Structures are given as C-alpha cells and as structure tokens.
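Q: Before I ask anything, let me first share the structure, which is written out below as structure tokens.
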C-alpha cells in the first residue's frame, strides 16, 4: 500500500519491487534513502541489505554509495 501514500514511491507488480521516478531534483541515492524512510514510516517495516540482495542495473558508483549507508539504522550494519 506504500504506493498510495503520495510519496512518489511506486510498486512494480511484475518485478515485485519498489521504485522511484526518474530523478529531477533528487539523485537516485536520495530516492533510495526516501524509499527506506517511507517504508519505515508508512509501513512499519525496515528494508535491509542482505547477502540475498539483488543488484540489477545499479551503477557501480551508486552501489558504492548505498553500501556506505550499510551501518545506518536502516540495515543494521550488514557487511557483504
């Protein structure tokens, strides 16, 4: 139901994933953090990076930036 929250976070039923619009003012990294916060605040869930996280069509620079975030409250220090 996250997609109904007027936060511009969308659900793709085919790939079963959340996604953001193409960045305008925000970067993809900003959208990544926004999605984590929306899911936590609106859905009472915490998304985490795990050893089963699939990285599809993610530029290396963005993945590196996201992995730096791994020690935050959102992913409880997961280290790949």
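Q: If you take the residues of the stretch 27-46 that are more than 13 Å from residue 7 (Cα to Cα) and surrounded by 15 or more Cβ atoms within 10 Å (Cβ to Cβ), which of them is modelled with the lowest pLDDT?
A: Top of the filtered list is 28.
Q: Output the number of residues of the stretch 25-54 satisfying the condition of being closer than 12 Å to residue 70 by Cα, part of a helix (DSSP H, G or I) and touching a strand residue (DSSP E or B) at 6+ places or on another chain (Cβ under 9 Å).
A: Qualifying residue count for the region: 0.
Q: Go through the stretch 12-24 residue by residue and tally those that are farther than 24 Å from residue 67 by Cβ and modelled with pLDDT under 85.
A: Of the residues in the stretch 12-24, the ones farther than 24 Å from residue 67 by Cβ are 13-14, 24.
Narrowing further to those that are modelled with pLDDT under 85: none.
Number of matching residues: 0.
Q: Let me ask something else. Hey, could you check the stretch 52-71 for residues that are farther than 21 Å from residue 23 by Cβ and modelled with pLDDT under 85 and say which is surrounded by the fewest Cβ atoms within 10 Å (Cβ to Cβ)?
A: Looking at the filtered set, the residue picked out is 71.
Q: Within the set of pairs 6 or more residues apart or between chains, which connect a residue that is under 15 Å from residue 31 (Cα atoms) inside the stretch 44-64 to a residue that is in a loop (DSSP other than H, G, I, E, B) and at pLDDT 85 or above with Cβ atoms less than 7 Å apart?
A: 63/55
Q: Next question, about the same structure. Yes or no: residue 13 in contact (Cβ under 8 Å) with a residue 12 or more places away in the chain and loosely packed, with under 15 Cβ neighbours inside 10 Å?
A: Values: in contact (Cβ under 8 Å) with a residue 12 or more places away in the chain: no; loosely packed, with under 15 Cβ neighbours inside 10 Å: yes.
The answer is no for residue 13.
The values are calculated or read from the model by the stated rules, or taken from the named source; none is laboratory data. Predicted, not measured: the structure shown is a model, and the values here were computed from it. Please note: Cβ atoms are built from the backbone with ideal geometry, for glycine as well, and neighbour counts cover all protein chains shown.
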